[in-house]
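Nothing in this text is a laboratory measurement; each read-out follows from the coordinates by a stated rule. From a predicted model like this one, the values you see are computed outputs, not experimental measurements. Methodologically, a virtual Cβ is constructed for each residue, glycine included, from the backbone with ideal geometry; neighbour enumeration extends over all protein chains shown.
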Amino acid sequence: MKHPREVRRAIREGRHPGHTAGLARGYVQGNVCILPAEYAADFRAFCERNPKPCPLLAMSAPGDPRLPALGEDLDIRSDVPRYRIFRNGALQEELADLRPLWREDLVTFVLGCSFSFEEALMKEGLRLRYVEQGRNVPMYRTSVDTVPAGRFHGKLVVSMRPFSPADAIRAIEITARYPRVHGSPVHMGFPEQLGIEDLARPWAGDATEVREGELPLFWACGITPQSVVLDSRPSLCITHAPGHMLVTDLENASLAQRA
């Protein structure tokens, strides 16, 4: 499936229930966070204060499932392969369709995703082990606090990719051009400095081996809102399941800053 509309149609019809990595190459995929309108102003401020993990691409009007800036046919209630439902800070269930739960006060936030800068890395010849292995990127809940806004506060989540030292420098330079999809890494090496005790036990995703002579690079991750929900405990929060993204009509190239 090469075009975003084709991908979204397959997801909407239940023909693609899995991860979206590698689908619709060249197009932006987004992290999703849906909240009741009473929390919307605080969460928007949270995104503005934490642009690394939460680079805001689009925000809907209350009750409107459409996001025309991201795709004219897009329906947030059905166009993500798997949703997570949190109530009062606890994950209660995962669903493939939000239409039975949809309410007129729900506001959708779509945040930039690292899949965009990964495409740029691969175009430059940098290999991503988890992609080659057909797995999901490892994600870790750190001990690093995000900047609070209103009721929203909690720990930063990072994703990790290992590189040789020379490739690590190139990866930093390349991803720095994409601030709307997390930008450059927040940390390199020494996972214990982020409060990560064991790279083999990610908070989400699949463990990726860091081989001898490689450095682990850590990028701020768009599932940080799922960490923040655990501490902030809004009455309802709906997110994508890790790796099950919203595929948009935005082109990755449109997000790159010129050198």
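Odds and ends about this structure:
- Residue-averaged [θ]222 nm for the chain, counting only DSSP H segments that reach four residues, each worth -39500 (n - 2.57): -5500 deg cm²/dmol
- Spin-label pair residue 93-residue 6: with each label point 7 Å from Cα along the Cα-Cβ axis, the two points sit 3.4 nm from one another.
- Within the same chain, lysines fewer than 8 places from residue 155 are excluded, and of the rest, those with a Cα less than 27 Å from its Cα are 52.
- Tensor-based shape of region 135-259 (alpha-carbon gyration tensor, a/c under 1.5 rounded, otherwise prolate or oblate): oblate
- Projecting the Cα atoms of 221, 238, 210 onto the dipole axis of region 209-259, where Lys and Arg carry +1 and Asp and Glu carry -1 at the beta carbon, places 238 farthest toward the positive end.
- Nearest-0.05 FRET efficiency for residue 145 and residue 41, computed from C-beta distance (R0 25 Å): 0.75
- Simple label model, 7 Å out from Cα along Cβ direction - residue 101 to residue 59, nm: 2.2
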